Protein chains: 2
Amino acid sequence: MRSILAALLLVAASAWAQTLPSWNEGKAKTAIVGFVQTVTDRKSRDFVAPRDRIAVFDNDGTLWAEQPLYFQFLFMLDQLKAAAPKHPEWTDNAAFTALVARDREALAKLGQKPILELLAAANSGMTVGEYDASIRAWLAKERHPKFKRPYTDLVYKPMQELLAYLRANGFRTFIVSGGSAEFMRPWAEKAYGIAPEQVIGSQQEVKFEMKDGKPVLTREPKFAFIDDGPGKPVGIYRHIGERPIAAFGNSDGDLQMLQITMAGEGRRLALIVHHDDAEREFAYDRQSPVGRLDKALDEARAQNWIVVSMKSDWKKVFAFQNQERPSR
Amino acid sequence: MRSILAALLLVAASAWAQTLPSWNEGKAKTAIVGFVQTVTDRKSRDFVAPRDRIAVFDNDGTLWAEQPLYFQFLFMLDQLKAAAPKHPEWTDNAAFTALVARDREALAKLGQKPILELLAAANSGMTVGEYDASIRAWLAKERHPKFKRPYTDLVYKPMQELLAYLRANGFRTFIVSGGSAEFMRPWAEKAYGIAPEQVIGSQQEVKFEMKDGKPVLTREPKFAFIDDGPGKPVGIYRHIGERPIAAFGNSDGDLQMLQITMAGEGRRLALIVHHDDAEREFAYDRQSPVGRLDKALDEARAQNWIVVSMKSDWKKVFAFQNQERPSR
């Protein structure tokens, strides 16, 4: 009898080690596993029916890297340069000059509006199928300046495990990103196991039309919806129509998504990935123009949300890095 | 051996009878079952992988009734009347007068814009939670003028079976409606087995704000997106991000959704429900201001899409009707 018990304990211990294997033991992993065990336990008063197990994830900086600049921004910039010869009028455009020179100071002075307008113009005029082909070609060809690898290699292994772990426990997982869905859909299924219809993002206008007798959707030079900051709860409401019970982000652009998630009844989970690992990835927070984490960090501390230290909570950051970091 | 074969044939015949039991044998049922068998047959060159088995359904007139007026329109009209005492300025508003009097001629003269603007105004100002409560209360209380039953009883039994049959064959089913998602989500799961996140509809603007220290979404007096006609392929692209392989509609507002579905490669299915059953439901098509079926009927005939006759293809229209109509 005693040996059966010992064997069972061994099995349980090994199951625990198998759960989120790229996560070091510590507060973050314990909180995640504790949350999942509670909401899936029929005997718990915090039990949540499978239909309501909805988890939302920011993408840039939460599921994959975002430095030195959001990868989609780099893609749109390349589209801008490619379109420039057909737009001589852009040479007089301050946003164009600042963008091409990547002049951060000038860009900051201009503000978001003229920059988005110009990028929207450069990323329009083609059918959605043609645009999809450009995205796929760019992702296949381009390499990250620091890691010298395809951008799609820069997904976080611990977060891939977390997504799979939640789904194994009956959760439905959604991306809710400031980036646009069409930039994520071509690779999100392979990288994260998230189907195109579970990717929510910013939207550029598209228009239905008949072209050579065939119905097509053409991209228009205008944003229809910005899925960032206060836009994220709007995107969630429109697309999912239910309040999530768990939300994962890394920057101030995720604050309202975390707030609306935590404002519901019953047990909930809010988690912030803190980029404090200059060696294996990047270290940045309150001062960074990309992925700034300031207000949301204060709120996380005030509300006792989980703040994940990439440096100490993650054994691995990327699948391609062999070196593992043990618990401190 | 022969008796085993006979037994197998009997089983096969009874399985066939069990498939879509409220559908009479005929061209429509044969076409639907043939399509599903082909795209799910691994040996067929028209085999479609489960991930790509996406089917889209219009709601009003395709999954439930829409006469004498779209049910959501009736609800919004009641919201307008309820809000009127707080808006003395509406007494001078031509759209208000025409709407309250249900003056079809005046409404037609005014056109869609001022009517939608007024309805949007009357259906705004509250949180999405408060609005959801009004919808549920209205649906629980109101009765259809012809059938004297809750509106949610007016879902078509054959279409409920079709949805379940497609899902049993690995399809994901979506609603793509000119109505708004929040009006369908409270009951679509029970009526159709379609989860809130698989309901796509027109969108009124909503705004994130903090109210008494709590994050809420408030309805704004403006439409953000009209998911009708050429809007339907846009809604599908934004929300699903993949081209469906089967589309089901009943009116000209579904034409572009059917076109974009049929424009893809491989075997596809387009189906139109034709309301030709004045006795059990309603009979209308080319002349009806609600659910007009004119151009889409021409296109269906030219392209050889399936046109379902409610009168002869459906044994039953509603679950509550006991009388069954046999094949002609």
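A short reminder: the numbers here are calculations on the coordinates, not readings from a lab. Source: prediction; values computed, not measured. Here the Cβ positions follow ideal geometry from the backbone for every residue, glycine too, while neighbour counts run over all protein chains shown.
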With labels modelled as points extended 7 Å from the Cα through the Cβ direction, what inter-label distance (nm, one decimal) is found for residue A:140 paired with residue A:263? 4.5 nm
What percent does the relative contact order of the range B:1-138 come to when contacts are Cα pairs within less than 8 Å and at least six residues apart? 15 percent
Hey, which lysines would be in cross-link range of residue B:222, C-alpha to C-alpha under 23 Å, not counting anything within fewer than 8 residues on its own chain? A:113, A:207, A:222, A:232, B:81, B:86, B:109, B:113, B:207, B:211, B:232
If each part is reduced to its alpha-carbon centroid, the range B:234-309 and the range B:45-71 end up apart, in Å, by 9 Å
Go through the range B:266-271 residue by residue and turn each phi into a ³J(HN,Hα) via Karplus (6.51, -1.76, 1.60, θ = phi - 60°); whole Hz please, and just put x for glycine and proline. x, 6, 9, 10, 10, 9
Amide H neighbours of residue A:308 under 5 Å, counting only residues 5+ apart in sequence or on other chains, H built in-plane at 1.01 Å? A:272, A:273, A:274
Given an 8 Å cut-off on Cα distances and at least 6 residues of separation, report the relative contact order of the range B:128-247 as a percent. 20 percent
Measure nothing but the geometry: give the 0 to 90° angle between the long axis through the Cα atoms of B:71-83 and the longest principal axis through the Cα atoms of chain B, rounded to 10°. 10 degrees
Under Karplus coefficients 6.51, -1.76 and 1.60, residue-wise ³J(HN,Hα) of the range A:195-204 in Hz, glycine/proline x: 6, x, 6, 10, 10, 10, x, 5, 10, 8
If Rh is defined by the Kirkwood formula over all Cα pairs and Rg also comes from Cα, what ratio Rg/Rh do you get for chain B? 1.01
In debye, nearest 20: dipole of the protein assembly as shown around its Cα centre with unit charges on the Cβ of K, R (+) and D, E (-)? 1900 debye
Report the charge-dipole magnitude of the range B:228-328 in Debye, nearest 20, computed about the Cα centre from +1 at each Lys and Arg Cβ and -1 at each Asp and Glu Cβ. 220 debye
Please state the shape class of the range B:134-259: rounded when a/c is under 1.5, otherwise prolate if a/b exceeds b/c and oblate if not, all from the C-alpha gyration tensor. oblate
For every helix of n ≥ 4 consecutive DSSP H residues, a contribution of -39,500 (n - 2.57) applies; sum these over chain A, divide by its total residues, and give [θ] at 222 nm rounded to the nearest 500 deg cm²/dmol. -12500 deg cm²/dmol
Closest beta-carbon to the B-to-A rotation axis: which chain B residue owns it, and what is the separation in whole Å? B:239, 3
Hey, rough spin-label estimate for residue B:211 and residue A:25, points 7 angstrom out along Cα→Cβ, what's it come to in nanometres? 4.7 nm
Picking from A:122, A:91, A:250, whose Cα lies most toward the positive end of the charge dipole for chain A (charges on Cβ: Lys, Arg +1; Asp, Glu -1)? A:250
Two-site label geometry, residue A:6 and residue A:40: point separation in nm, points 7 Å out along Cα→Cβ: 3.0 nm
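So if R0 is 25 Å, what FRET efficiency would residue B:222 and residue A:112 give, r being the distance between their Cβ atoms, rounded to the nearest 0.05?
0.70
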Going 7 Å from the Cα of residue B:126 toward and past its Cβ, which residues in the range B:55-78 have a backbone nitrogen under 16 Å from where you end up? B:72-78
Would you mind checking which residues have amide H under 5 Å from residue B:318's amide H? H placed 1.01 Å from N; only 5 or more apart, or other chain. B:157
At 25 °C and a viscosity of 0.890 mPa s, what translational diffusion coefficient does Stokes-Einstein give for the range A:39-96, taking Rh as the Kirkwood radius over Cα pairs? Give it in µm²/s as a whole number. 156 µm²/s
Most fluctuating residue of B:263, B:300, B:120 in a GNM of chain B with Cα springs under 10 Å: which is it? B:263
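Say R0 is 22 Å: what FRET efficiency, to the nearest 0.05, do residue B:242 and residue A:69 get from their beta-carbon distance?
With R0 = 22 Å, the Cβ-Cβ based efficiency is 0.15.
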5 angstrom amide H check on residue B:225, placed H, neighbours 5+ away: B:203
FRET efficiency for residue B:93 and residue B:18, Cβ-Cβ distance as r, R0 = 56 Å, nearest 0.05? 0.55
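If you take every DSSP beta bridge fully contained in the protein assembly as shown, what fraction is antiparallel? Give it as a percent rounded to 5.
Of those bridges, close to 40 percent are antiparallel.
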By the gyration tensor of its Cα atoms, with a ≥ b ≥ c the square roots of the eigenvalues, what is the shape of the range A:18-61: rounded for a/c under 1.5, prolate for a/b over b/c, or oblate? oblate
With only alpha-carbon pairs counted, each pair once and no self-pairs, how large is the Kirkwood hydrodynamic radius of the range B:188-292 in angstroms? 16.4 Å
Give me the percent of Cα-Cα pairs in the protein assembly as shown that sit more than 51 Å apart, rounded to a whole number. 16 percent
Rounded to whole Hz, the Karplus (6.51, -1.76, 1.60) HN-Hα couplings of the range A:208-215, x for glycine and proline: 6, 8, 9, 10, 6, x, 10, x
Once you sort the root eigenvalues of the Cα gyration tensor of the range A:10-155 as a ≥ b ≥ c, which label holds: rounded (a/c under 1.5), prolate (a/b larger than b/c) or oblate (the other case)? prolate
